[in-house]
1. How much mean residue ellipticity at 222 nm does the chain get from its helices, if each DSSP H run of length 4 or more adds -39500 (n - 2.57) and you divide by all residues, to the nearest 500 deg cm²/dmol?
2. By count of other Cβ within 10 Å, fewest leading, how are 103, 209 ordered?
3. Can you match percent of Cα pairs over 36 Å apart to one of these, (1) 45; (2) 23; (3) 13, based on a calculation from the structure here?
4. For 225, 24, what's the fewest-to-most ordering of other Cβ within 10 Å of each Cβ?
5. Which residue, 163, 268, 140, tops the fluctuation ranking in a GNM of the chain built on C-alpha contacts under 10 Å?
6. Let me know the shape class of the range 100-172, please: from the alpha-carbon gyration tensor, a ≥ b ≥ c as square roots of the eigenvalues, rounded when a/c is under 1.5, otherwise prolate if a/b is greater than b/c, or oblate.
7. What is the order of 254, 115, fewest Cβ neighbours within 10 Å to most?
8. Kindly express, to the nearest 10 degrees and within the range 0 to 90, the angle between helix 160-170's C-alpha long axis and the longest C-alpha principal axis of the chain.
């Protein structure tokens, strides 16, 4: 059985949507109402009640700016809860797959896609607490899989794509940051990759797979160009002006460059990842 925490978020919702395509597996989807992952005894209880072979932790405190003034809550969800889950997984021989973020990287000098062994340098509470979660997962479990992803969007939940569509239909012009470079991730592609990874492990087609991996769609873009693509595909007529990060100050720092190298996850688990624009078109067909 596969336990999916954070089941009502974007990745969790996509896993629920895709579950029927993987009939060999049983799933238990839990949101915060069903399981408080910051409650260690609640985690222990659910692991004792079920025989989980896999745990996919999609739960996270993702309010990046709000985290700056709510550090305790961010750490509780992003780090402490991961510690509880990892310990329960270790006790019950459960494979942990934990979702993390590109925000843990923040180099001023790297100008190539980040590799998994590059130094981390989190800026801000969200990034720091997510890195704490990564470390506790991999230190507790030799076979833990940490998937660092970026710019996640979906037809479920709130995200940049939906915001752009809403604003594009309401406004005549818009300003979007053009000096933050990375790659969007369609949550459905990430969810599908997670299920393929589980399938590979379950069939014993991979070994020595524990560690940190990168997953986003392929290609590279800026938020500005991402917005232009959304408007073009959805035939929304709006004037978009590029602005620098300094023109849109936020409480938490964002990485200027967070492009990630995905060759490790592709080679280890034999994955083929769609280009970000192809993924965007697939998602936009689901949105009015």
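1. -11000 deg cm²/dmol
2. Taking fewest neighbouring Cβ atoms as first place, the list is 209, 103.
3. Entry (3).
4. By the 10 Å Cβ count, ascending: 24, 225.
5. Maximum fluctuation in the GNM of the chain, among the listed residues, is at 163.
6. Values: a/c = 2.68, a/b = 1.81, b/c = 1.48.
Here the range 100-172 falls in the prolate category.
7. 115, 254
8. 30 degrees
Read-outs: derived from the displayed coordinates by stated rules, not from any lab. From a predicted model like this one, the values you see are computed outputs, not experimental measurements. So basically every Cβ, Gly included, is an ideal-geometry build from the backbone, and we count neighbours across all protein chains shown.
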